[in-house]
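Taking it in order: structure first as structure tokens, then the write-up.
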Amino acid sequence: MNQKTTTTTFQSKPRPLPIQAYNLLGKGLKKMGLGVKLEENSLLRAARNKNKLSDFGEGDFITPLRKLLQSIREEARLHAFGEFITKIRLVGILENRLRATYYFKKHPEILEQEVDPLWVITGLQRTGTTKLHRLLSADPTTRSLFSWEALNPAPIIGKEQQKPDPRIRLAQNSEKGLRYIAPDFFAIHPVEHNAPEEEVLLLDTSFISTVPEATMHVPSFAKWVENQDQTPAYEMMQKMLKLLQWQHRGKRWILKTPHHLEFLDTLIQVFPGTKIIHTHRNPVVTLASFCSMVYHGRRIFSDQVSPEEVGQHWHQKICRMLQKAQEYRQNHPETPVIDLYYDHLIKNPLSEIQRIYTFAGIAWEESLEEKLQETLDQNPPNKYGIHHYQLQDFGLEEAKVKKDFEAYLENFA
């Protein structure tokens, strides 16, 4: 087993030489007013030219895009390669909007569908959501969102029947790129092209999501997102789920992202009847672990990442997420929710999965146990190395963190 560990000192590690060279060249070009342009018109033009399409669909995505770009320019401190990756990602989101709109117009039956029933895993980051997501997705009757689909939910026009799907190769290349740029990251969170992935990337199609603040220092954009009506983002996610199930359907969706914890009201409003699986773990542990994940993620884009900034931002953010979730649950006891504890999931995963099926009213098939065990065998603990972290690395004090999470710990001890 790979026993490689992530850094515990948070000292800057040397980047691969080609990326160092790119950053050096990019710095020089920037001084001359050249280089990558993270500007609205440039991004829109690039997406249109690549797809030969012009209709981005309904909904105001320009306002949040402008807010994000302003925050990136003023706060994110990206190096040249970080700007290059960010441009590719943003143009990719715009391309998906263009292609999705094309399919919605060509096949109106897509949006006429009802979204299949949703089981949504949500809880704080690092509470076992990825493990649980993969286990529930092992049921062949279910439908989960795979990483290659999350990156490109809309098929490549003209290549819809091509096998293997060209979107898979694109995701494989992204996975290889991430392994090259940040090999330590896989010990924290595996990003595998053919594994279930978070639907927060579908929310990102509206540019109203928490993805940017998890990968870059964009505090003004993050604050702006908190104060926005989330309905347009969730309605866009609904359209994308319809597009995806039009391509391949199961009996129910198995989704997961901590993002929903903050916006359960909108989730249930747009997807009534959703069954929620609320995962729990000591936030003193999860906060340190997630701050480490964010730190390593931001280091992909910037040479100027402050562990203290990461700690302060996500300490406040997680307090907000827990508060919003608890308020919703107290005010809406009728919402179907099952609580699942990390320790129980680790000690007896099969028993916890059976408990979820009972909660959802789905008959348990003994044959499923073999598939679940196969998934467990394929994803052993520390598959990509051992992840080390501690609160002090991020300027956080354990006593203060415990005090801030007192209400949560009392309700979900």
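Among the residues of the range 329-337, are any farther than 18 Å from Val225 by Cα, touching a Lys or Arg at 6+ places or on another chain (Cβ under 9 Å) and open to solvent by 20 Å² or more (accessible area, probe 1.4 Å)? Within the range 329-337 (the criterion being farther than 18 Å from Val225 by Cα, touching a Lys or Arg at 6+ places or on another chain (Cβ under 9 Å) and open to solvent by 20 Å² or more (accessible area, probe 1.4 Å)), the answer is yes, since at least one residue qualifies.
For residues that are outside any loop (DSSP other than H, G, I, E, B) and either under 19 Å from the mean Cα position of the chain (by Cα) or surrounded by 23 or more Cβ atoms within 10 Å (Cβ to Cβ) (or both), tally how many sit in the range 301-310.
First, the residues of the range 301-310 that are outside any loop (DSSP other than H, G, I, E, B): 307-310.
Applying the additional criterion that residues be either under 19 Å from the mean Cα position of the chain (by Cα) or surrounded by 23 or more Cβ atoms within 10 Å (Cβ to Cβ) (or both) yields 310.
So the count comes out to 1.
Taken as a whole, the structure leaves Arg298 outside the set of residues that are under 27 Å from Asn173 (Cα atoms) and surrounded by fewer than 20 Cβ atoms within 10 Å (Cβ to Cβ).
Results for (1) in contact with a Leu (Cβ under 7 Å, 6 or more places away or on another chain); (2) polar (S, T, N, Q); (3) at pLDDT below 95, shown as yes or no for each residue.
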| residue | (1), (2), (3) |
| --- | --- |
| Asn282 | no, yes, yes |
| Arg299 | no, no, yes |
| Ala325 | yes, no, no |
| His332 | no, no, no |
| Asp339 | no, no, no |
| Gln354 | no, yes, no |
| Trp364 | no, no, yes |
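Is there a residue being polar (S, T, N, Q), surrounded by 15 or more Cβ atoms within 10 Å (Cβ to Cβ) and part of a helix (DSSP H, G or I) anywhere in the range 368-384? Within the range 368-384 (the criterion being polar (S, T, N, Q), surrounded by 15 or more Cβ atoms within 10 Å (Cβ to Cβ) and part of a helix (DSSP H, G or I)), the answer is yes, since at least one residue qualifies. Every test in (1) of a type in the set (A, V, I, L, M, F, W, C); (2) touching a Ser or Thr at 6+ places or on another chain (Cβ under 8 Å); (3) open to solvent by 10 Å² or more (accessible area, probe 1.4 Å) is passed by Leu267 save one, and that test is (3). If you filter the range 165-211 down to residues that are β-branched (Val, Ile, Thr) and assigned to a loop (DSSP other than H, G, I, E, B), you find that the one that is nearest to Pro18 (Cα to Cα) is Val191.
If you take the residues in the range 280-295 that are open to solvent by 20 Å² or more (accessible area, probe 1.4 Å) and of a type outside the set (S, T, N, Q), which one is farthest from Asp184 (Cα to Cα)? My answer is Arg281.
The values are calculated or read from the model by the stated rules, or taken from the named source; none is laboratory data. In this text, all values refer to a predicted model and were calculated from it rather than measured experimentally. Heads up, the Cβs are rebuilt from the backbone with ideal geometry, glycines too, and the neighbour counts pull from every protein chain shown. In case anyone asks, the SASA skips ligands and DNA or RNA and just uses the protein heavy atoms, side chains included. Shrake-Rupley method; radii C 1.70, N 1.55, O 1.52, S 1.80 Å.
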